[in-house]
1. Got a number for residues in the range 192-224 being surrounded by 18 or more Cβ atoms within 10 Å (Cβ to Cβ), at pLDDT 95 or above and assigned to a strand (DSSP E or B)?
2. With the requirement that a residue be over 23 Å from Leu20 (Cβ atoms) and within 8 Å of the ligand (Cβ to nearest atom), what does the range 313-336 give you?
3. Within the range 36-51, can one find any residue that is at pLDDT 95 or above and out of contact with any helix residue (DSSP H, G or I) (no Cβ under 6 Å at 6 or more places or on another chain)?
4. Give all pairs with beta carbons closer than 9 Å in which a residue from the range 337-366 that is within 7 Å of the ligand (Cβ to nearest atom) meets a residue that is of a type in the set (Phe, Trp, Tyr) and not in a helix (DSSP H, G or I); count only pairs at least 6 apart in sequence or on separate chains.
5. Please go through the range 239-276 and pick out each residue that is more than 17 Å from Ile306 (Cα to Cα), out of contact with any Lys or Arg (no Cβ under 8 Å at 6 or more places or on another chain) and part of a loop (DSSP other than H, G, I, E, B).
6. Tally the residues that are surrounded by fewer than 19 Cβ atoms within 10 Å (Cβ to Cβ) and closer than 17 Å to Ala252 by Cα, restricting the search to the range 284-296.
7. Going by the structure shown, is Asp56 exposed (fewer than 15 other Cβ atoms within 10 Å of the Cβ) and charged (D, E, K, R)?
8. Going through Thr240, Thr248, Thr232, Thr219 one at a time, which residue ends up being of a type in the set (Val, Ile, Thr) and away from the ligand (no atom under 16 Å from the Cβ)?
Amino acid sequence: MTGAMKTPDVLIVGAGMAGLTLGCALACAQSQSGGREPGEAVSGQQSSGLNIMVIDPHIPVQPSQWPDSFDPRVSALTHASANILHRLGVWDAMTQHRVAAFTHMDVWDGDGTGNIQFNADQAGVEQLGHLVENRVTTHCLFEKMRTLRNVEFIQTGLARIVEAYEPTESRGKVRADNETNGGWRVTLANGDVVQPRLLIGADGANSRVRDQLGFRCRTWAYGQSAIVTTVTSEKPHSDTARQVFLETGPLAFLPLRESTHTKNSCISSIVWSLDTEQAQRIMKLDDATFRQQLARAFEGRLGNIIAADKRFCFPLTQNHAVDYVVPGVALIGDAAHTIHPLAGQGINLGFLDAAVLAEEILQAYHNGLPIEDFSVLRKYQRRRKPHNLLLMSAMEGFKRLFGVDVPPLRIARNLGMSFFNRHTLVKHEIMQRAMGLEGDLPALARPGLIADF
Ligand SMILES: Cc1cc2nc3c(=O)[nH]c(=O)nc-3n(C[C@H](O)[C@H](O)[C@H](O)COP(=O)(O)OP(=O)(O)OC[C@H]3O[C@@H](n4cnc5c(N)ncnc54)[C@H](O)[C@@H]3O)c2cc1C
């Protein structure tokens, strides 16, 4: 049976962190000057006037059903991301759960010849960033979205997309030259048919929106996988995020806390990137041997590993859509790009995509332009693609640089690291970028809130 035709202004496919952020940002009023004032959080009562529909077959699990253990998926959020979440009125709810600020970063080479340290004092901030379990961010964004009257959430998936006025011949073809887009008709898995003015693919790394519409992608398979788990070390982590570049790949220890205010915590989330074969071998180790090998790989920097939760293994690929937009459609977050976790930047890029796209759509709306005008989406792509591409290329460079075992290159890279470590100005520049405080920031992400956290 065919369901009713719905016509929201924007249909967002995927209620992960990127899709929910876009939904919340689009639903709330923004000033015509391009955004809220720094420090001004949005209120659920100030509707932007746009009608938003969000679909996802999954809804976030409620905190009452969370196991005591930490979510194996943890993200290091930049200041820019925290600013966005704060201005959307979500950050305070997140801090009721477990949000761990980190004040230091320590990065070194497994050879022991190169290292670089960062600290919040040098950067003139209270912390370098926050580590947050993904389930906390997703749950709080989802709850915020539920309070917004102009957002309809439907728990269902995407079945198919056809052009609204030429459904039979053009299915699956993307015509980027067609700037007078006639719109897209989307059939949901529950049988509903939706004809939005704009369709957004926020459906993650295996995006069906992207694949059904034939967006071209550049993909690098690393042949690597990341082992992720939560561990307790003998020594406290002192709120320091640590990463060692081993010949086999980077190993990160990201500091967590039992509660937002716990001191001297010994709990860390680890991300251990290895060739897939090695990762599979390590996944099979018994608990005691795993803990020993992990402590050894980490050079005993936090002493022995005295407990480890269940391990999860994620294949690593870097994927980048050649275009993020075609008439009537935009991709955001992992649907547009996936990046090696060594930089801890994946969802930080996704938050910025969502905030920039919302800013462009709302600006057009307030200026009386049709939001489906292709120029709106093109501006989004112009602002986000070079930034994402630059970061992805840098990460690819890092990955290759640290993957080589050619002595002259190894010496050069390690000298380089130590050189950066001694040069305050260069370090300051790197830190500003790593915290997401430089570049073309949307109003939602701009500095001005750091003292509030
Ligand atoms: C090991 C590892 C460590 C990482 N660490 C960090 C870090 O420290 N910092 C950081 O910034 N990033 C990190 N990342 C990356 C980060 O996790 C991702 O970038 C982020 O989760 C992507 O969010 P998203 O909302 O774009 O996509 P997703 O989280 O994948 O959400 C997509 C949503 O779409 C829904 N969906 C899928 N298909 C459909 C469909 N057909 N119809 C409707 N809905 C659909 C899904 O149910 C899901 O809810 C890490 C990644 C890995 C693998």
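The values are calculated or read from the model by the stated rules, or taken from the named source; none is laboratory data. Note that the coordinates shown come from a computational prediction; the quantities given were computed from them, not determined experimentally. Cβ coordinates were reconstructed from backbone atoms using ideal geometry, including for glycine residues, and neighbour counts include every protein chain displayed.
1. 5
2. Across the range 313-336, the qualifying residue is only Leu316.
3. Yes, some residue in the range 36-51 is at pLDDT 95 or above and out of contact with any helix residue (DSSP H, G or I) (no Cβ under 6 Å at 6 or more places or on another chain).
4. Pro341/Phe314
5. Asp239, Glu247, Thr248, His261, Thr262, Lys263
6. 3
7. Working: exposed (fewer than 15 other Cβ atoms within 10 Å of the Cβ): no; charged (D, E, K, R): yes.
Here the answer is no, as Asp56 does not meet what is asked.
8. Working: Thr240 fails: away from the ligand (no atom under 16 Å from the Cβ); Thr248 fails: away from the ligand (no atom under 16 Å from the Cβ); Thr219 fails: away from the ligand (no atom under 16 Å from the Cβ).
Criteria check complete, one pass: Thr232.
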